[in-house]
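Peer 1: First, the structure itself, so that you have it in front of you.
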């Protein structure tokens, strides 16, 4: 998945239904965008969701104050629900934000039949919710310790001082009036504008949370271009164009031939361009490719590398598909695939030399070149650190000190007392059996990955078994600290190194830091780097952090993918964004073209 590490929320019943708007029901020729996601959604609560399917849906329902320009490269932030960009003063520590009036949440029984206007209090409430210990938000790192006076919120996390209270006022987050918000920081933060464009900071109404409690993730109510339609859990999700969405007119500018053509096509148009988005959960790789070839989906992002031969020939689109008008786009997302090991696990975790040696040997057994050639069919590059190319802080000259070396891996295990028995499998230094368990997905992809790690660890004489489960269950167990090791991947929520290194920051253990890595030296460097903007000084700190990560090996960094994306000829305005997961509000459908080709 992008295995965005987050637990699902239990749902009562198979489907959740939202009444279809009469305006939409009466549309003569509906423009329906048909897409897929590769793993089931978890929670549609923006404070909780961090897996790709859920965030993809949420970014079309909930609205942060800022968003990304669709066509600008490098990425550019622009106002979303704000009238203009924030006014920044006090050396970058104070932000004044002016909200557009007249923006309304989509109707919901929680509003008791009354129109509910968006105000800056909704943003204050939504940001404070990230601090709520009951929510367990993985996004707290974006604000924790940064907002002036937020220690009042943080000291209540453990239930002391009367418990956590969302009504607690802090000077760092103040609604000056209905449409004016002031944010004050302890120190300048070069990432704050990126943070205010994340879906996790999208506005959620307090009445909705009060009405649905811990089931609020099953009742997404926002102000965005789409609203929830039918929902068949882990199978099919429908988004409907929000009939009351404010008049948003496209005015972004292109930078190259393709984006300039899109800019001309969308100029002066209102968003969204389609009336409905049909989302299918498609976990099996072959089903995704066949579905696209059978015209069931309007695009296919990240063609599964093992099946790339079905559509590609030597890295190019097959002639028969090219004749149909199918388009191929190669894209390098801000994404890192890795395998993590639980640092609190009694067998594989810990900071003593013999535990480090075990994890290091496992890392040395991983052959990224072979993995890229055989499993990824060349559509990837070796990950030297957690940072993918094109994020701020990436060091193109950095090379991991942990490279594939089976001889060294076995020598390490021998030296630290992991002896081989009569069956050629190793024991722990105390003579007890050494047996590892890896969680993986119950899918073809999961089985292929199991075989890679079985081969790696067999070469070390280490017993390993695999516990396969649904994606949401693996994440639930990981969050509870009950996963010993598993593969995961992370896509940038904002294009800065901090978004990746927070996955290893000690205070984030149990949230985004599923490896539960907690090394004081690393934490100190992270905190030091977080106070700096993009600079050679900060890049040097990240290099030290990468060295510590490889030294203690809570992660085995694997690859950065190069995705092959396929676009049907009738899909208009498609342009992959480096940070936003979807372009559903911008794309359009040539209904005549679709009807001709689909017959």
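None of the figures in this text is laboratory data; all of them are computed from the coordinates on show. What you see is a predicted model; the values in this text were computed from it and never measured. Neighbour counts run over all protein chains shown; Cβ positions are idealised from the backbone, glycine included.
Peer 1: For segment 45-222, just list the percent of Cα-Cα distances falling in each 10 Å bin from zero outward, please.
Peer 2: That works out to 9, 38, 39, 13, 1, in percent per bin.
Peer 1: Sticking with this structure for a sec: Let me make sure I get this right: for segment 335-561, a, b and c are the square roots of the gyration tensor eigenvalues over alpha carbons, sorted descending. Under 1.5 in a/c it's rounded, otherwise prolate if a/b > b/c, else oblate. Which is it?
Peer 2: On the way: a/c = 1.56, a/b = 1.43, b/c = 1.09.
Prolate shape, in that a/c is at least 1.5 and a/b is the bigger ratio.
Peer 1: If we count other beta carbons within 10 Å of each Cβ, what is the order of 445, 486, fewest first? Display every interim value, and only then the final one.
Peer 2: Numbers: 445 20, 486 27.
Fewest-to-most Cβ neighbours within 10 Å comes out as 445, 486.
Peer 1: Based on the alpha-carbon gyration tensor of segment 473-599 and its eigenvalue square roots a ≥ b ≥ c, which shape applies: rounded if a/c is under 1.5, prolate if not and a/b is larger than b/c, or oblate? Walk me through the intermediate numbers first.
Peer 2: Values: a/c = 3.13, a/b = 1.98, b/c = 1.58.
Here segment 473-599 falls in the prolate category.
Peer 1: Something else: Add -39500 (n - 2.57) for each DSSP H run of 4 or more in the chain, then divide by its residues: what number comes out at 222 nm, to the nearest 500 deg cm²/dmol?
Peer 2: Only helices count here, giving -7500 deg cm²/dmol.
Peer 1: So what's the chain giving for Cα Rg divided by 2.2 N^0.38 Å, two decimals?
Peer 2: Details: Rg = 24.3 Å, N = 599, 2.2 N^0.38 = 25.0 Å.
The value comes to 0.97.
Peer 1: Sticking with this one: Measuring from centroid to centroid over Cα atoms, what is the spacing of segment 568-592 and segment 107-155 in Å?
Peer 2: Using only Cα atoms, the two centres lie 32 Å from each other.
Peer 1: Continuing with this model, one more query. For the peptides 310-316, 193-199, 132-138, what is the packing order when you average, over each peptide's residues, the other Cβ atoms within 10 Å and list the highest mean first? Working shown, then result.
Peer 2: Details: 310-316: 13.7, 193-199: 22.3, 132-138: 18.4.
Order by mean packing, descending: 193-199, 132-138, 310-316.
Peer 1: Taking segment 365-426 as the region of interest, what is the percent of Cα-Cα pairs per 5 angstrom bin, listed from the shortest bin to the one with the maximum distance?
Peer 2: Result, from short to long distances: 4, 14, 16, 18, 15, 13, 10, 7, 3, 1, 0 percent.
Peer 1: Distance from the Cα centre of segment 165-213 to that of segment 492-545, in angstrom?
Peer 2: Between the Cα centre of segment 165-213 and that of segment 492-545, the gap is 23 Å.
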